[in-house]
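Single-structure report; data block below.
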Amino acid sequence: MTIAIIVHGGAWDIPLALHAQHIAGCRAAAEAGWDLLSKGGSALDAVEAAVRVMEDDPVFDAGRGSHLNQDGEVELDAGIMDGRTLDAGAVAAVKCIRNPISLARRVLTDGQHVFLVGTGAERFAQRTGIPLCDPAELVVERERQAWLQQGSKALVPGAGFRPQAAADTVGAVALDIKANLAVGNSTGGTFLKLPGRVGDTPIFGCGLYADNHMGAAVCTGWGEQIMKTVLAKTTVDQLAWLSDPMTAAQVALVYFQERIGGLGGVICAAPDGRVGWAHSTPYMAFGYRTADMQAVRAQMGRQKRQANSAYQVERGEEE
Ligand code: GLY
């Protein structure tokens, strides 16, 4: 039996000045998850812990530090899935929750429903002992300034997509000692999204998917494109078919890019603990540790723009 964890801190055109913080945040998240797994903790506990670390780190577009919508507010989405049972929990468009991943976990554990949104999700949080926060707590100065400078220019739906944005969604995939896979993710969504917009992150099959029989994957990038290509399940299907996580991630991303000009990335794990990643964006921050490693490796995946202006899908390579 083996354990493994891989996390990402978003695939986007991440500014160079923020690379070190992204790498450090991914390292801390993967270490938090590994720590639990190495003590016999469950894959679900590990992905929740890893995602919470990144939600609490304001460099990422998740929890505090998230991008603002057109109204200048933070609206958060998160999801979590158990590869053993296929049990799942998700929340979307919540404004008063510091760690939406833990609220999604509560939805999973409660089991009555799979997906709660908006004020209904926040009432469920209160009823189950998760405190609400002041929405202003989630707003950081970097994002407030970005909104003040660009907010008025993006009133056309879709015009707010900002591929050069500082960050994107965070996510984690884990395998525990009982050979159970789990995935979790969290996001503030795209910069200047319309209020009420929900992206791929909390939608099973799109932003995340886990099945012990096949593998597990979480995505990052432009949610509208990821939803249309059901990218997480596409990756897991490739994993089941190809049995190699690196190749599965690359095949899914090539399809994503060629079919729809997809901008994003994916991380994944096979049921035997091998991990894979690929991205079609200039950068993707990620960190991972598998049984044969002595420590977490965290890095910024990167690639160069091609002569035709498109980015090649970058298959995971060691730096
Ligand atoms: N991938 C995050 C979003 O589009 O909301």
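Please give the number of the condition VAL230 fails out of (1) on the phi < 0 side of the Ramachandran plot; (2) away from the ligand (no atom under 11 Å from the Cβ).
The failed condition is (1).
Yes/no matrix, rows are residues, columns are (1) of a type in the set (Phe, Trp, Tyr); (2) under 13 Å from the mean Cα position of the chain (by Cα); (3) within 20 Å of GLY10 (Cβ to Cβ):
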{"residue": "LYS193", "(1), (2), (3)": "no, no, yes"}
{"residue": "LEU231", "(1), (2), (3)": "no, yes, yes"}
{"residue": "ASP244", "(1), (2), (3)": "no, no, no"}
{"residue": "GLN257", "(1), (2), (3)": "no, no, yes"}
{"residue": "ARG274", "(1), (2), (3)": "no, no, no"}
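Need the failing condition index for VAL218 against (1) part of a strand (DSSP E or B); (2) touching a Leu at 6+ places or on another chain (Cβ under 6 Å); (3) away from the ligand (no atom under 12 Å from the Cβ), just the number.
Here VAL218 clears every test but (3).
Count, please, the residues in the stretch 178-198 that happen to be closer than 24 Å to VAL275 by Cβ and within 12 Å of the ligand (Cβ to nearest atom).
3
Every number here is computed from the coordinates shown, using simple stated rules; none is lab data. Fair warning: this is a prediction, and the values are worked out from it, not measured in the lab. Every residue, glycine among them, receives a Cβ derived from its backbone with ideal geometry; neighbour counts consider all protein chains shown.
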